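Following: one structure in structure tokens, then a few remarks.
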Amino acid sequence: MRERIVLTALGVPALAPVRAAASVDELIALARRVPPTIVLLDAHLPSPGPVEAIRRLRAVPSQSTVVMLAVPGDEIALDRAIALGARGYLAPDVGRAELAAVAAHILASPAGPAAANGAVPQEALAVHGAPGSAPTPVVTRTELPAQNSVGNEVSLTKREVEVLVGMSNGRSNAQIGQELFLSEDTIKTHARRLFRKLGAADRAQAVAIGLRRGLIR
């Protein structure tokens, strides 16, 4: 699975180059050599585990963004990871389009990683500790409960879809508002509604869910 994720990430130009690590020690060693921009961290990384990996990563001089790879049953680990600053959650079988959209959002977001000179460091790091485990079609932590399963239909208004498309293109609320001739507050209202309908906690999760369910292309 680790190899598949690396191959998927290699298909996203914004993430090149991509490196892989099979353990926390290897992750930290790689991060110290070249600080990564985005870290895809397996919720089942071998002991000492993903939570300790995030703690150690935070001690490395870098501004990397951690995105977890999760399956049903990972709620406790995910809650701890988000408390330590993990940005969001993706399925282990994440596709290239989803990964590209989420990466674009992270790199374009004011909260995303940035180098001291304002440039984005071009280094991505894919980490997965269970190469033999089977991928599970789960997109985000908020979709883990059965009532939010991928199979449920979601109905978005035309305006909500337009806002979601803007998010997938890395636009800020203000920029989306300018494109749609709406106020930023109105865009925020549409965003809150589509987050609730999708069961998403943030923009990255909303984009990933929207792509998986075919709401945006």
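Bear in mind that the values in this text are calculations on the coordinates, not laboratory data. For clarity, every value in this text was computed on a predicted model and none was experimentally measured. Note that each Cβ is placed from the backbone with ideal geometry, even for glycine, and that neighbours are counted across all protein chains shown.
Observations, loosely collected:
- Annotation for residue 26 and residue 183: the two label points, set 7 Å from Cα along the Cα-Cβ direction, are 5.3 nm apart.
- Globularity index of the stretch 1-117, i.e. its alpha-carbon radius of gyration over 2.2 N^0.38 Å: 0.98
- Difference of contour (0.36 nm per residue) and Cα-Cα distance, residue 83 to residue 7: 24.4 nm
- The stretch 166-217 - Debye-derived log10 I(q)/I(0), Cα point model, q = 0.17 Å⁻¹: -0.48
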